[in-house]
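Colleague: The structure that follows is given in the form of structure tokens.
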Amino acid sequence: MAQQPRIIKKYPNRRLYDTETSSYITLSDVKKLVLEQADFRVEDAKTHEDLTRSILLQIILEEESAGAPMFSSDMLSQIIRFYGNAMQGMMGNYLEKNIKTFIDMQKRLQDQSRQMYGGNPMLGAEAWNEFVKMQGPAIQGLMGSYLEQSANAFMEMQQQLQQQTRSLFGNFPFPGFTGGGPRQAGEPRTPQSPAHDSGKSEDDKSKP
């Protein structure tokens, strides 16, 4: 039987109440739950509406305002432009998969650090920081190569979708819509591509 998530209630006065500890908590406490990978749900105390995403966004906003932001203004602008875009859902999945891949790479590097410096928790934390500093250029190069390949794959997927759309709607007489490619042998000519008879006009054809 799956364990039920920890319920945190949000009251109209914006206070958060942890039902597991029967005490009020702050956003910092919720951040600790995230770092501990605890399964929790924030909900409205009256309506039981799920407010988890809005609370997590508040935590991100505080972290971004703390002086060491992860998102540049240009990156945030690009993300905003995808809202309402036909590929909004795909972009969300794309970012989520890339973050998961980045986390997997981080775990592998941490495992290498533990093998080199031992399993002491305190030493491991310090050693991990030193390991990242020493391997910084290599890690950046590895991530740059991965992101470039990922971006190319995303662009190829977008081009394939465009080609499939042209092939799907190419046989419909939509004004100004280009079909899905050149006409194949044996296909009937469309009204947009009339046959030409050696450049002769109708008057020339009627002459003996």
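Colleague: Loop-only check: which chymotrypsin sites (Phe, Trp or Tyr not before Pro) in the range 37-92 are DSSP coil with at most 14 other Cβ within 10 angstrom?
Modeller: In loop regions of the range 37-92 (DSSP not H, G, I, E or B), the sparsely surrounded chymotrypsin sites (Phe, Trp or Tyr not before Pro) are Phe71, Tyr83.
Colleague: Amide H neighbours of Ile25 under 5 Å, counting only residues 5+ apart in sequence or on other chains, H built in-plane at 1.01 Å?
Modeller: When sequence neighbours closer than 5 places are left aside, the close amide H contacts are Leu16, Tyr17, Asp18.
Colleague: Can you give the convex hull volume of the alpha carbon atoms of the range 5-77 per residue, in Å³?
Modeller: With only Cα atoms used, the range 5-77 gives 111 Å³ per residue.
Colleague: Got the relative contact order for the range 8-50 handy, in percent, Cα pairs under 8 Å and 6 or more residues apart?
Modeller: Relative contact order for the range 8-50 comes out at 39 percent.
Coordinate-derived values only; no laboratory data. These numbers were taken from a predicted model, which means no experiment stands behind them. Every residue, glycine among them, receives a Cβ derived from its backbone with ideal geometry; neighbour counts consider all protein chains shown.
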